[in-house]
Amino acid sequence: MKTIATISELKQVVASARAEGKTIGLVPTMGALHIGHLSLIKRACSECDFVVISVFVNPTQFNNPEDLRTYPRTLEADKKLIEDNTSAQVVFAPSVEEIYPEPDTRQFAFGPIAEVMEGEHRPGHFNGVAQIVSKLFMFVEPDKAYFGEKDFQQLAIIRKMVKDLDFKIQIVGCPIVRYMDGLAVSSRNALLQEDERAIAPIIQATLRRSVEEKQYEMTPSEVISWVTKTLNKIEHLEVEYYSIVDGLTLQPVNDWTDTDYVVGCITCYCGKVRLIDNITYKVSE
Ligand code: PAF
């Protein structure tokens, strides 16, 4: 496996692979890799001949400087994890100056899907995601790019960007990987204190109860209140938002019959750590 830090070398190795008739897969990451990322990388390796993994903590998608400062950076461990467990060919780990020699002033307008949930609570976040992902798409021009479904809204926005900008790239959404106790695997889990790690699985457990026990007795807005109250009663947990939305438009649903695809998306602080997760209430067959 090769580690590359410059865009010119990245373009060169990808061009050689393409000249040999290989299909190209891209897995964009911010590093601090875990089994969730490995599942994306393994999927990419099983579907593409040549796989590039980018490891770059993208400053333009952070609207909280403290969050950017404390984001885990573990490149050596990341490379070892990839090499020991996958057959990926390239890790692209550029510097901030390499990616942004000048400030990226591009403004993306994704409309209503970017104005709710994370878009509302983290202004500028998706613009930053679109800046880096569009650059990676232009550098690598992959046949397929892989993203996790934990970042449900991010995945929807990237699909929209691909459509809007006419990238010829297939976006592959990969299922959330969870620990046995139900907590979604995330780089941020490493920041949890021991007692916080012990209660964090309650977030997904509460969402599951809201599907299994509550959905047919309550309206979506009543379920939102129930989930929020239930979680906020637990020490260390504080819900930033819980939204029940149409899985395609990401707009709130008022009634379970409004659409065939209904998803609940949550952001909940566990101590100081901002965790996100989601659950499907309904999906069309
Ligand atoms: O999901 C992430 O880790 C990041 O938002 C991404 C897609 C790698 C862009 O920096």
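The values are calculated or read from the model by the stated rules, or taken from the named source; none is laboratory data. None of these values were measured; they are calculated from a predicted model. Cβ sites come from the backbone with ideal geometry, for glycine too, and all protein chains shown count toward neighbours.
Show the residue pairs meeting these rules: Cβ distance below 6 Å; 6+ apart or different chains; first residue within region 232-245 and on the phi > 0 side of the Ramachandran plot; second residue assigned to a strand (DSSP E or B) and buried (at least 16 other Cβ atoms within 10 Å of the Cβ).
From residues that are on the phi > 0 side of the Ramachandran plot, the pairs are H236/C270.
Can you tell me how many residues in region 146-159 are near the ligand (Cβ under 9 Å from one of its atoms) and in a strand (DSSP E or B)?
Final tally of qualifying residues: 2.
Check M138 against each of (1) within 13 Å of the ligand (Cβ to nearest atom); (2) within 26 Å of S8 (Cα to Cα) and name the one condition it does not meet.
Tallying (1) within 13 Å of the ligand (Cβ to nearest atom); (2) within 26 Å of S8 (Cα to Cα), M138 fails exactly one: (1).
Tell me which of these I35 doesn't satisfy, since it passes every other one: (1) aliphatic (A, V, I, L, M); (2) farther than 19 Å from K2 by Cα; (3) at pLDDT below 95.
Of (1) aliphatic (A, V, I, L, M); (2) farther than 19 Å from K2 by Cα; (3) at pLDDT below 95, only one is false for I35: (3).
Find the residue count for region 12-48, including only residues that are more than 16 Å from the ligand (Cβ to nearest atom) and farther than 21 Å from I171 by Cβ.
Final tally of qualifying residues: 7.
Can you confirm whether I132 is modelled with pLDDT of 95 or more, closer than 23 Å to A93 by Cα, within 11 Å of the ligand (Cβ to nearest atom) and crowded, with 24+ Cβ neighbours inside 10 Å? First the steps, then the outcome.
Values: modelled with pLDDT of 95 or more: yes; closer than 23 Å to A93 by Cα: yes; within 11 Å of the ligand (Cβ to nearest atom): yes; crowded, with 24+ Cβ neighbours inside 10 Å: no.
Against the criterion (modelled with pLDDT of 95 or more, closer than 23 Å to A93 by Cα, within 11 Å of the ligand (Cβ to nearest atom) and crowded, with 24+ Cβ neighbours inside 10 Å), I132 does not qualify.
Among the numbered criteria (1) out of contact with any helix residue (DSSP H, G or I) (no Cβ under 9 Å at 6 or more places or on another chain); (2) in a helix (DSSP H, G or I), which single criterion is violated by S134?
(1)
Can you name the condition, by its number, that L191 falls short on among (1) modelled with pLDDT of 95 or more; (2) within 16 Å of the ligand (Cβ to nearest atom); (3) under 18 Å from L275 (Cβ atoms)?
(1)
State all residues of region 242-268 that are under 17 Å from the mean Cα position of the chain (by Cα) and farther than 17 Å from A114 by Cα; if no residue qualifies, say none.
C268
Within region 1-120, considering only helices (runs of 4 or more DSSP H) that don't extend past its boundaries, which have at least 1 residues that are in contact with a helix residue (DSSP H, G or I) (Cβ under 9 Å, 6 or more places away or on another chain) and polar (S, T, N, Q)?
Result: 65-70, 75-85.
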